[in-house]
Amino acid sequence: MDISVIVPLYNESESLPELESWIGRVMRENNFSYEVIFINDGSTDNSWEVIDGLSKANPAVKGISFRRNYGKSPALNTGFARAQGDVVITMDADLQDSPDEIPELYRMITADGYDLVSGWKQKRYDPLSKTIPTKLFNATARKVSGITNLHDFNCGLKAYRRDVVKHIEVYGDMHRYIPYLAKNAGFSRIGEKVVHHQARKYGKTKFGLDRFVNGYLDLITLWFSNKFGKKPMHFFGLMGSLMFILGFISAAVVGGMKLYNMYAGNPYSLVTDSPYFFIALTLMILGTQLFLAGFIGELIARNSSARNVYEIDRTINIDTATDNPINKK
């Protein structure tokens with residue numbers, strides 16, 4: 001199979017028929033063999049009934065429905081696990097991503113040799129309250145990730161070589177940083193394509209301004225886990241050792257000053273009368289706790305094999321044998 005198109009959605013029933021028809025037309029015009037996997041993320045409208053109807057008219061349409069709303073990252077991760085195409089395309093269901101971009105994205109993966117190609121909505125139909133924070137967010141993501149050639153990390157329209165999606169796990173809200181996840185997994189050939197951005201035709205956006213705050217927190221988490229996730233002792237152990245040593249030296253100085261004054265015949269007081277003694281003691285306690293946190297983190301990192309499992313309610317045309325082992329316990 002040439003292409004798998006993965007479409008996560010939440011309450012997008014109005015746009016689904018038009019999107020499916022558009023994707024099908026592009027595929028037929030370019031003689032692609034394909035599948036479209038709609039991931040119904042706990043929609044409360046009739047999105048699942050629409051997907052069911054589309055699948056009866058077109059066997060290439062497949063569907064997965066969650067019991068409740070988990071979020072975009074779990075939806076993408078579930079779709080990645082079941083994708084069978086040589087090239088995997090992701091796009092949003094709100095018709096703001098154009099399926100006409102698919103042939104060029106496919107060519108960049110298969111002919112130009114990219115592992116991942118991310119769309120860049122250079123001209124956006126969004127208010128300034130969304131575009132300005134987006135620019136700041138992307139600038140920070142470029143700096144932290146080291147992927148300096150991407151302008152829009154969060155663009156839903158992306159293309160992947162199949163190996164990429166089978167070797168990354170998208171969890172939490174990490175869909176914003178899939179290029180960073182791919183880079184950390186060893187897929188460094190990451191490109192970008194300017195794509196057409198359309199104004200939303202139906203419904204309203206499902207994301208608020210809180211996603212920018214959460215995005216920065218997730219970026220810090222990803223950077224930290226990438227740098228110290230496999231070796232937590234390198235961070236916690238180092239910080240703990242430094243704090244313990246500093247506290248021990250401080251306590252020794254306080255005790256040494258008392259002994260000196262005692263033997264020199266100078267006035268002296270109890271070490272517990274000095275605030276520096278308690279500061280030193282606190283540093284030693286915190287240092288010990290950090291060191292133990294690093295040690296426990298090492299044990300967890302070496303022995304943990306738990307994976308996120310999302311409760312799927314129903315499926316359409318999905319072969320469970322295609323599940324990616326990364327999502328199985």
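Restricting attention to the range 21-43, the residues that are assigned to a helix (DSSP H, G or I) and either out of contact with any helix residue (DSSP H, G or I) (no Cβ under 7 Å at 6 or more places or on another chain) or over 23 Å from Asn77 (Cα atoms) (or both) total 8. Quick one: Val26 ticks every box in (1) crowded, with 16+ Cβ neighbours inside 10 Å; (2) of a type outside the set (Gly, Ala, Ser); (3) under 28 Å from the mean Cα position of the chain (by Cα); (4) more than 18 Å from Lys166 (Cβ to Cβ) bar one, so which box is it? With (1) crowded, with 16+ Cβ neighbours inside 10 Å; (2) of a type outside the set (Gly, Ala, Ser); (3) under 28 Å from the mean Cα position of the chain (by Cα); (4) more than 18 Å from Lys166 (Cβ to Cβ) applied to Val26, the lone miss is (3). Given the structure, is Asn31 open to solvent by 40 Å² or more (accessible area, probe 1.4 Å) and at positive phi? Considered against the rule, which asks whether it is open to solvent by 40 Å² or more (accessible area, probe 1.4 Å) and at positive phi, Asn31 comes out as yes. In the set (1) surrounded by 15 or more Cβ atoms within 10 Å (Cβ to Cβ); (2) small (Gly, Ala, Ser); (3) modelled with pLDDT of 80 or more, the condition left unmet by Ala264 is number (1).
Pairs meeting the criteria (first residue in the range 91-115 and on the phi > 0 side of the Ramachandran plot, second residue open to solvent by 20 Å² or more (accessible area, probe 1.4 Å) and part of a loop (DSSP other than H, G, I, E, B), beta carbons under 6 Å, at least 6 apart or on different chains) are Leu95/Lys201.
Would you confirm whether any residue within the range 231-252 is modelled with pLDDT of 80 or more, loosely packed, with under 12 Cβ neighbours inside 10 Å and among the hydroxyl-bearing types (Ser, Thr, Tyr)? The answer is no; no qualifying residue exists.
Within the option set Lys121, Lys62, being of a type outside the set (A, V, I, L, M, F, W, C) and modelled with pLDDT of 95 or more holds for one residue only, Lys62. Selection within the range 3-20: residues that are touching a helix residue (DSSP H, G or I) at 6+ places or on another chain (Cβ under 9 Å) and either open to solvent by 40 Å² or more (accessible area, probe 1.4 Å) or β-branched (Val, Ile, Thr) (or both). The member of this set that is nearest to Ile109 (Cα to Cα) is Ile3.
Restricting the first member to the range 135-151 and to residues that are under 16 Å from Ala182 (Cα atoms), and the second to residues that are of a type outside the set (D, E, K, R) and surrounded by fewer than 19 Cβ atoms within 10 Å (Cβ to Cβ), the beta-carbon pairs closer than 7 Å and six or more apart or on different chains are Arg142/Thr148; Val144/Trp223. The set of residues in the range 151-189 being in a helix (DSSP H, G or I) and either closer than 15 Å to Phe80 by Cβ or touching a Cys at 6+ places or on another chain (Cβ under 8 Å) (or both) consists of Arg162, Asp163, Val164, Val165, Met174, His175, Tyr177, Ile178, Pro179, Leu181, Ala182. Taking the range 167-200 as the range and being touching a strand residue (DSSP E or B) at 6+ places or on another chain (Cβ under 9 Å), at pLDDT 90 or above and either open to solvent by 30 Å² or more (accessible area, probe 1.4 Å) or of a type in the set (Asp, Glu) (or both) as the test, the residues that pass are Lys183, Phe187, Arg189, Glu192, Lys193, Val194.
The values are calculated or read from the model by the stated rules, or taken from the named source; none is laboratory data. Keep in mind that this is a model prediction, so the values were computed, not measured. Note that each Cβ is placed from the backbone with ideal geometry, even for glycine, and that neighbours are counted across all protein chains shown. Only protein heavy atoms, including side chains, enter the accessible area calculation; ligands, DNA and RNA are left aside. Shrake-Rupley method; radii C 1.70, N 1.55, O 1.52, S 1.80 Å.
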